[in-house]
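Take a look at the structure below.
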Amino acid sequence: ILTSVGSNVSFHCIYKKENKIVPSKEIVWWMNLAEKIPQSQYDVVSDHVSKVTFFNLNETKPRGKFTYDAVYCCNEHECHHRYAELYVIDVNINISCETDGYLTKMTCRWSTSTIQSLAESTLQLRYH
């Protein structure tokens, strides 16, 4: 997930161990395999789906070659080798959009100046 400073983000997980789905109440979350995320940030979505939410995020600080935080979904102290990457950048992109009178077309504009932390990244603008 790529997000900006001050945002809230959530991750969902279904943990499967030896072809058996682990109950969501047994799932724990770790950041960078070094810091256990407090249970107060967990939510049980269903019997098998767990969710962790991070609030008011600070900018990700690079650690060596890693420019993201790795969020791990675990069963007790056994974590799956797959993880989610969390990139929190301190950037303010001013986007302005206009629609035609029939709301059938939208034109958006923003600065094309390079933001170093986003170099070589592909971004999608989604309208909901």
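Read the figures in this text as sums done on the coordinates, not as results from a lab. Small disclaimer: the values here were computed from a predicted structure and weren't measured. Cβ: placed from backbone, ideal geometry, glycine included. Neighbour counts: every protein chain shown.
A few remarks follow.
- FRET E, pair Asp100, Val44, Förster distance 41 Å, beta-carbon r, rounded to 0.05: 0.35
- Correct choice for mean projected area of the Cα convex hull in nm² that was computed from the model, options (1) 8.3; (2) 10.9; (3) 7.3: (2)
- Virtual spin-label span in nm between Arg63 and Glu78, 7 Å along Cα→Cβ: 2.4 nm
- Only the Cβ atoms of Lys and Arg (+1) and of Asp and Glu (-1) were treated as charged; on that basis the dipole of the chain about its Cα centre amounts to roughly 160 debye.
- By the rule of a C-alpha distance below 30 Å, with chain neighbours fewer than 8 residues away ignored, the lysines paired with Lys36 are Lys16, Lys17, Lys20, Lys25, Lys51, Lys61, Lys65.
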